[in-house]
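Below is one structure, written out as C-alpha cells, with a few remarks after it.
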Amino acid sequence: MHDIKTIRAGAAAFDAAMARRCLPDASGPLLTLDAERRAAATAQQDAQSRRNVLAREIGQAKRTGADTVSQEAEATALRGEMERLDRRSAELDAELRTALGALPNVLDADVPDGTEEADNRELKNWGTKRAFEFPARQHFELGEALGLMDFERAAKIAGSRFTILHGALARLERALGQFMLDMHTLRHGYTEVSVPALVNEAAFFGTNQLPKFAADSFRTTDGRWLIPTAEVPITNMVADDILPEAALPVRRTALTECFRSEAGSAGRDTRGMLRQHQFRKVELVSVAHPDQSDAEHERMTRCAEAVLEALEIPYRRMLLCAGDTGFGAARTHDLEVWLPGQGMWREISSCSNTRAFQARRMGARFRAADGKTVAHVHTLNGSGVAVGRALIAVLENYQQADGSVRVPEVLRPGMGGMEVIRRSA
C-alpha cells in the first residue's frame, strides 16, 4: 500500500516508479480522488463550524424570545448536507484505498529494467552440474518407474495438478521438510510456528494477495481463503501491532500446506509436480527495522541457499527484473536449481523485501527507542525452500542409471538410514 501523502508530495517520482511496472500516469486518478476527498473533508468542517454558530445564535435568540425559524431551517439543511458529506467521504476513502491497494510496490533502484524472465540478472552460481553417463530422466519418469509417484489416482480423487507419493518418496518429502525446519530453527535462529491454513480477507489483503491474486487463490463458502504460502498468516501475526524497537528483527518459520489455483498457468508444467494446486513449503518471514532490511534480505537469501548447499544441488541466485518482480516486492532474489532431467534451471525459492508496503496495508509498526517515534516496520518473506520442488531436484540430481535414486547424506537420518531408493518388489 502506498502513502497518498508521499504521492502528493512527489507525483513525478511516483509516476516514474510505476512506469517501470508498465503503469504510466498512475498518480493522476489517485490525486483526483484525493483532492475530492480533501474537499469533502473541508466542506464537512465548514458545515460543522456553521452549525456551531447557528446553535449559539438559536440559543441566544430563544433566551430573548426572538424568531429562530430561519436559523433552525438552515441548521436542518446543514444536518442533511453533513450526512451527505459523511457518506461521500466514506465512499471516497474506500475508493482511494481500493485504488492504492491495486498498485504494486515501488522497485528498488538497482532492480534491472526488463519485462520477462530473460531480463533477470544472475548474481551467483554455486555447485557443479553432474555429468551423466546415461540419459537423465525427469522426476515424474523416475517417480512412476519407482512405483512411488501416482498421478492417475490423485486425478481420480482430486483432479489434475495433484500427486500421491508412496513409501520412500512420501518419507523423503517428510524428511526434507523436517531437515529444513531443523536447519532454520537450530542454525539460523528462526522460531517455528504452527499457523492456520485458512485466513480472513483482511489477512489476505495485508500480504497483498488481494485484490491482485484473487483468481489464483481458493476461497471457502464462508469467505475465508486457503493460504498460498505461510507468509500470509505469519506476517499478519504483527498486523495492527506496535512493536518495541528492541524486539526487531522478528524471525519466524513454518512448514505448511499451500494452495494455489494456478489460474494463470494453463498449459504450463502440466506433467509432474512442478506446478500443483496443493504443495508443502517451508516459509521464512522477517519483520525488521527499516535500517536493517537490506541486511536481513541478504541473510534470508543465504539461509535458503544453505539448504541447497547442504543437499549439494547446483543453484544460481537471480535478481529479478522489473517485469518479473512480484506485486508486493521492492526487490526479489530467486534461487533456481539445476534440473538435469529438464536440462534447465527452475525456481525453488523467492526471497523478497517488501519494505513498508505490506506493513502499511496491515498497520504493522514499531516504536523507536526514544519512546515517541512510531514508524512502519519492513517485512520480508522467502521460501526456505519449497519441499516438493526440493524433492524434484533430489530425484533428478541423484538419479542412477538403473532408475534408483541416492539419498543425500544430510537426509539419511530422516530416512531411517536409507541410502538408495529403489523400486519395491
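Where a number appears in this text, it was derived from the coordinates with a stated rule and is not lab data. Model, not experiment: these values are computed from the prediction. For neighbour counting, all protein chains shown are included, and Cβ atoms are generated from backbone atoms with ideal geometry for every residue, glycine included.
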(message) I'd like to compare 373-385, 229-241, 308-320: which one has the highest average count of other Cβ atoms within 10 Å, and what's the full order after that?
(response) 373-385, 229-241, 308-320
(request) Consider the candidate values [x] 27; [y] 14; [z] 7; state which one is percent of Cα pairs over 42 Å apart computed from the structure displayed. (result) [x]
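For the chain, what does the helix formula give at 222 nm: sum of -39500 (n - 2.57) over DSSP H segments with n ≥ 4, over the residue count, nearest 500 deg cm²/dmol?
Details: 12 runs with 163 residues, N = 425.
Mean residue ellipticity, 222 nm, calculated: -12500 deg cm²/dmol.
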(message) If R₀ is 60 angstrom, what is the calculated FRET efficiency for the pair V53 and D182, using the beta carbon separation as r and rounding to 0.05?
(response) 0.25
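Could you pull out every whole DSSP H run in the chain that spans at least 30 Å of Cα extent along its own axis and averages -1.0 or higher on the Kyte-Doolittle scale? Each step should come with its number before you reach the end.
Values: long enough: 27-64 (55 Å, -0.79); 69-101 (48 Å, -0.66).
Sorted by number, the helices that extend far enough and score high enough are 27-64, 69-101.
With only Lys, Arg, Asp and Glu charged, each at its Cβ (+1 for the first two, -1 for the last two), find how big the charge dipole of the chain is about the Cα centre; round to the nearest 20 debye. Before the final figure, lay out the partial values.
Values: 55 positive and 58 negative charges, 128 e Å.
Approximately 620 debye in magnitude.
Filter the cross-link list K281/K372; K5/K281; K124/K156; K212/K281; K129/K212; K5/K212 down to pairs whose alpha-carbon distance in this structure exceeds 32 Å. List each step's numbers first, then the result.
Details: K281/K372 39 Å; K5/K281 38 Å; K124/K156 42 Å; K212/K281 22 Å; K129/K212 38 Å; K5/K212 23 Å.
Result: K281/K372; K5/K281; K124/K156; K129/K212 exceed 32 Å.
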